[in-house]
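Some notes on the structure that comes next.
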Amino acid sequence: MDLAKYRALFLEEATEHLAEMSRALLDLEKDPATGEAIEVVFRMAHSIKSMAASLEYTAIADLSHRLEDRMEVVRSAGRVDGAEDLGLLFRGLEGLERMVGIVRDTDEPPAGDPELLSALAGLGSSVEDPPAKKVTS
Amino acid sequence: MKARTLVADDASFMREMIREIIEPEGFEVVVEAGDGLDAVEAFKEHTPDIVTMDIVMPKMSGIEAVKQIVELDPGACIVMCSALGQEALVMEALKSGAKDFIVKPFKPDAVLTTLRKALEKKD
């Protein structure tokens, strides 16, 4: 596998996905029940997870997986549950942006952010709080 | 003769990865699709021998695309591309007519084995 080619593709697509996710979260700030925005955040997190896992960027895969899991809850509820929850989703986005930036700047896999993973796991009242797990998908 | 293949995934990263795995091994990617709607249209236009179908895609999900393709061609050979944790969706896709599934991140041997077996079942 030509890692340089896939790394470049990852950086290009992840950057686009994060911009799209950011726009969708801003839409959710205006209206927490915007179905299309909820779907976009879920889908972008899912896609980044798969790409990152393929390149063994475990920290990015873990964080995007956690964000995806949280968006499943939001999808089921049909809305983001308040400003605190939205703030945590923004923190997840910022964490991913920071990690993707590290890949771009250093060409190295970024370190994990267990505190952010735990914070996201605590988001929403209808979800259990599973320990951070290594993502393989 | 190479198996004419439609690769449907919203990430060009994943489409490229599948292409790189399968093209040296008897498959030819004749068309790619970035969403479920395009996948259905591409299937109609190119009538490929086999389809790899992502589940989570914009405009139309991979599962809905499977349903529509199978309605067009009940013998269509479709292999789902899933991630861990999507077991329920994979089951729904299989019930809808998909032949098998592969799991991301892709392991080349597993991808090739699954696609070949799916084609054998079709034949």
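Annotations
- Hits in segment B:22-38 (condition: out of contact with any Ser or Thr (no Cβ under 7 Å at 6 or more places or on another chain), over 29 Å from A:Glu20 (Cα atoms) and either within 14 Å of another protein chain (Cβ to nearest Cβ) or β-branched (Val, Ile, Thr) (or both)): B:Glu23, B:Pro24
- Counting only strands (runs of 3 or more DSSP E) that fall entirely inside segment B:2-69 and contain at least 2 residues that are in contact (Cβ under 8 Å) with a residue 40 or more places away in the chain, the qualifying elements are B:3-8, B:50-54.
- Residue that is closer than 22 Å to B:Cys81 by Cβ and of a type outside the set (Ser, Thr, Tyr), where the choices are A:Glu56, A:Glu29, A:Glu36: A:Glu56
- If only residues of segment A:29-56 that are among the polar types (S, T, N, Q) and out of contact with any strand residue (DSSP E or B) (no Cβ under 8 Å at 6 or more places or on another chain) are counted, the one that is farthest from the other protein chains (Cβ to nearest Cβ) is A:Thr34.
- Segment A:61-72 residues that are without any contact (Cβ under 8 Å) to a residue 60 or more places away in the chain and in a helix (DSSP H, G or I), paired with ones that are surrounded by fewer than 24 Cβ atoms within 10 Å (Cβ to Cβ) and of a type in the set (D, E, K, R) (beta carbon under 8 Å, 6 or more apart): A:Leu63/A:Asp113
- Applying the set (1) under 28 Å from A:His17 (Cα atoms); (2) away from chain A (no Cβ under 14 Å); (3) at pLDDT below 95 to B:Gln68 leaves exactly one unmet item: (3).
- Verdict on B:Arg15 being of a type outside the set (Gly, Ala, Ser), at pLDDT 95 or above and either surrounded by fewer than 18 Cβ atoms within 10 Å (Cβ to Cβ) or more than 13 Å from the chain's Cα centre (by Cα) (or both): no
- Residue match in segment A:11-28 (condition: more than 25 Å from A:Arg79 (Cα to Cα) and within 8 Å of chain B (Cβ to nearest Cβ)): yes
- Test: B:Gly62 is within 14 Å of another protein chain (Cβ to nearest Cβ) and out of contact with any strand residue (DSSP E or B) (no Cβ under 7 Å at 6 or more places or on another chain): no
The values are calculated or read from the model by the stated rules, or taken from the named source; none is laboratory data. Worth saying up front: this structure is predicted, and the values here are computed from it rather than measured. Reconstructed Cβ throughout: ideal geometry from the backbone, glycine too, with neighbour counts over all protein chains shown.
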